[in-house]
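Heads up, the thing below is written out as structure tokens.
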Amino acid sequence: MAKPLVVVIPHQLGRSEARRRIDARIGQGRDLVQKAGLTMGDPVWTGDTLGFQVGAMGQSVSGTIAVEDEAARVEVHLPLLLGVFSGKVRQVIAEKGGELLAT
């Protein structure tokens, strides 16, 4: 199994506001995923960590977003087959994640 891809998105919102923004904009994330031709299961909160699962090219990609006081830590577990896309995945997470937390 490949190492998880980790992207840390800094913010100055505090934990509760960052979580609120992520929760309020989950639908936007789902729309983005579906526009890319992927499927997304229902995300689930466990404390301040959001778990998600995306289907891509017949593969399942799982991950979490751990909301912290000064950052959101996104961890994605890509199957080996999709590992070649890790650079692009990292770029999209950093860009869209920053937009998600912006005002």
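The values are calculated or read from the model by the stated rules, or taken from the named source; none is laboratory data. Only a predicted model underlies this, so the values are computations on that prediction, with no experimental measurement involved. Cβ sites come from the backbone with ideal geometry, for glycine too, and all protein chains shown count toward neighbours. Accessible surface is based on the protein model in full, side chains and every heavy atom, while ligands, DNA and RNA are left aside. Shrake-Rupley method; radii C 1.70, N 1.55, O 1.52, S 1.80 Å.
To keep it simple, each residue is scored yes or no on (1) assigned to a helix (DSSP H, G or I); (2) of a type in the set (Val, Ile, Thr); (3) under 19 Å from LEU78 (Cα atoms).
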position: VAL8; (1), (2), (3): no, yes, yes
position: GLN12; (1), (2), (3): no, no, no
position: ARG20; (1), (2), (3): yes, no, no
position: ASP23; (1), (2), (3): yes, no, no
position: GLY29; (1), (2), (3): yes, no, yes
position: LEU32; (1), (2), (3): yes, no, yes
position: GLY55; (1), (2), (3): no, no, yes
position: GLY63; (1), (2), (3): no, no, yes
position: ALA66; (1), (2), (3): no, no, yes
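How about region 62-84: which of its residues are out of contact with any Pro (no Cβ under 7 Å at 6 or more places or on another chain), aliphatic (A, V, I, L, M) and under 21 Å from ARG25 (Cβ atoms)?
Passing the criteria: ILE65, ALA66, VAL67, ALA72, VAL74.
Quick one: would you say LEU50 is open to solvent by less than 40 Å² (accessible area, probe 1.4 Å), farther than 21 Å from GLY83 by Cβ and not in a helix (DSSP H, G or I)?
yes
Restricting attention to region 87-103, and to residues there that are under 21 Å from LEU13 (Cβ atoms) and open to solvent by 90 Å² or more (accessible area, probe 1.4 Å), which single residue is modelled with the lowest pLDDT?
Per the criteria, the residue is THR103.
Please work out if GLY63 is in contact (Cβ under 8 Å) with a residue 12 or more places away in the chain, surrounded by 14 or more Cβ atoms within 10 Å (Cβ to Cβ) and in contact with a Phe, Trp or Tyr (Cβ under 7 Å, 6 or more places away or on another chain).
yes
Scan region 34-47 for residues that are assigned to a helix (DSSP H, G or I) and of a type outside the set (Lys, Arg) and jot them down.
Selection gives GLN34 alone.
For region 67-86: of the residues being small (Gly, Ala, Ser) and within 13 Å of HIS11 (Cα to Cα), which is surrounded by the fewest Cβ atoms within 10 Å (Cβ to Cβ)?
ALA71
Pairs under 8 Å by beta carbon, first residue touching a residue at least 24 places away in the same chain (Cβ under 8 Å) and closer than 16 Å to GLY97 by Cβ in region 21-40, partner open to solvent by 60 Å² or more (accessible area, probe 1.4 Å) and assigned to a helix (DSSP H, G or I), six or more apart or different chains?
Matching pairs, first to second residue: GLY29/LYS96; LEU32/LYS96.
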